[in-house]
1. Scan the stretch 314-349 for residues that are outside any helix (DSSP H, G or I) and over 21 Å from the mean Cα position of the chain (by Cα) and jot them down.
2. Can you report the number of residues in the stretch 53-79 which are under 21 Å from Ile2 (Cβ atoms), assigned to a helix (DSSP H, G or I) and free of Cβ contacts under 8 Å to residues at least 24 places away in the same chain?
3. Would you point out the residue of the stretch 407-457, among those that are β-branched (Val, Ile, Thr) and in a helix (DSSP H, G or I), that is nearest to His316 (Cα to Cα)?
4. For the stretch 286-313, what are the residues that are within 18 Å of Thr448 (Cβ to Cβ) and assigned to a strand (DSSP E or B)?
5. Scan the stretch 192-202 and give yes if some residue there is of a type in the set (Gly, Ala, Ser), assigned to a helix (DSSP H, G or I) and touching a residue at least 60 places away in the same chain (Cβ under 8 Å), otherwise no.
6. Does Ala367 satisfy being out of contact with any strand residue (DSSP E or B) (no Cβ under 8 Å at 6 or more places or on another chain) and either part of a loop (DSSP other than H, G, I, E, B) or touching a residue at least 60 places away in the same chain (Cβ under 8 Å) (or both)?
7. State whether the residues of the stretch 376-392 include one that is modelled with pLDDT of 90 or more, among the hydroxyl-bearing types (Ser, Thr, Tyr) and assigned by TED's automatic domain parsing to the domain that holds Tyr307.
8. Would you say Ile195 is surrounded by fewer than 20 Cβ atoms within 10 Å (Cβ to Cβ), under 19 Å from the mean Cα position of the chain (by Cα) and modelled with pLDDT of 90 or more?
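The values are calculated or read from the model by the stated rules, or taken from the named source; none is laboratory data. Note that the structure is a prediction, hence the values are computed from the model and not measured. Cβ atoms come from the backbone with ideal geometry, glycine included; neighbour counts cover every protein chain shown.
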Amino acid sequence: MILLDPTWTAVLYLIAAVCFILALKGLSSPKTARRGNLIGAAGALLAVVTVFLSSKLENIPWILAAIAVGSAIAAPVARRVQMTQMPQLVAMFNGVGGGAAALVALLELPHAGDAWVRLAIAFTLFIGAVSFAGSMVTFAKLQELMTTRPIVFPGLAVLTVLVATLALAAGAVVVVAGPAWAAIALAVIGLASGILLVLPVGGADVPIVISLLNAFTGLAVAASGLVLGNVLLVVAGTLVGASGTILTRAMAAAMGRSVQGILFGAFRGGSTAGSTVASDRPVRSSSAADIAVLLGYAQKVVLVPGYGLAVAQGQHTIAELQAALEERGIEVSYAIHPVAGRMPGHMNVLLAEADVPYESLVEMDRANPGFRTTDVALVVGANDVVNPAAKTTPGSPIHGMPILEVGDARQVVFLKRSMRPGFAGIENELLFDPKTTLLFGDAKASLTELLAAVKGL
């Protein structure tokens, strides 16, 4: 039974769409991200309820059962996931969204009335399948279920072009005649395309590809809205597609790369390779006690967190170290690179878990000039985002990437597990600078030792 007339349905859809827009606005800042997320969730709930009240649905028990099963799986996973695994979770959820859009399009094919609707179905099928398969590969790479190195084999470029050609052919058949076999073939080709798209991408670039695939899912959802005649799906999908595209370009720019170079760089050997070969060059290392003296008698300290801090779950310890230094009258702040961690905002959220004030988090553009007046820059688990090779070594995988210029500080301290390079697979010459000191060990354990030593001064 339909309980809402078309006018009220349109009004509620408009309210839901406004919620989605406000959610995106809120997610643009760590201070408002939680509120933005809640507004987006409220908009999604309103949209679902509106569908139930304004549509003549069949098989309602099955629909409710599917919602219950999905909620029972998703809610515990989302609550228990570690912050270090958040990119994997995003990849998996994004892939499920793309796959769902493709399945909806496949089921709607028998009801397609004209070629324009079949065109939307073909687009949704292909892009949704690409997003699903590509997201699953990115999940496997980030979860280290497969190598994070670019996977390239002879004939890959030819195979990629062949698959794209087959996709166009199958899509044309779907649009012109709409046979089920062509739609299924198009979905399978889309799955193959998604796999081939992500395989050549190196580990450091995978988060950028997740953002791109998120944009793909948005476009698939928007196209499925055209198939179903649902305006809200068109609006929501377009918002996701546009924001995902903007984020992809921003992340690529933050790494000094082009999106084309990230996706196809491995064909010419230009993608990040994730080398794990440790350097045997001599460096100056020290004890936690000596470094604590260096920190304890400084006037200005800048903490530079990286993915190593996230892996070690050291955010609470570094927050305690900040508090201990500030009790001694030392000015302490965090310099945050746009792609610190694995996704934009990843490090901000990680530190927010430890109740680090947002005012202490300084973005790269504002942080770099301040290094010139910094007594000690303490780099915790970061490598590529502070590597001077981005500015000094043409041909380097990270050349052109904006970096945190910690080398301008009077003293630099690195907390590192080993001398292995970062994802880019290149040495960081700053490690061998005379003013650089290294403290080897797990980031959390090293921070704990530093904290105890600072308190003992």
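1. Passing the criteria: Arg328, Gly329, Ile330, Glu331, Val332, Ser333.
2. Residues in the stretch 53-79 being under 21 Å from Ile2 (Cβ atoms), assigned to a helix (DSSP H, G or I) and free of Cβ contacts under 8 Å to residues at least 24 places away in the same chain: 6 in total.
3. Thr448
4. Listed by number, the residues that qualify are Val301, Leu303, Pro305.
5. Yes, some residue in the stretch 192-202 is of a type in the set (Gly, Ala, Ser), assigned to a helix (DSSP H, G or I) and touching a residue at least 60 places away in the same chain (Cβ under 8 Å).
6. The answer is no for Ala367.
7. No, the stretch 376-392 contains no residue that is modelled with pLDDT of 90 or more, among the hydroxyl-bearing types (Ser, Thr, Tyr) and assigned by TED's automatic domain parsing to the domain that holds Tyr307.
8. On the way: surrounded by fewer than 20 Cβ atoms within 10 Å (Cβ to Cβ): yes; under 19 Å from the mean Cα position of the chain (by Cα): yes; modelled with pLDDT of 90 or more: yes.
Yes: the conditions hold for Ile195.
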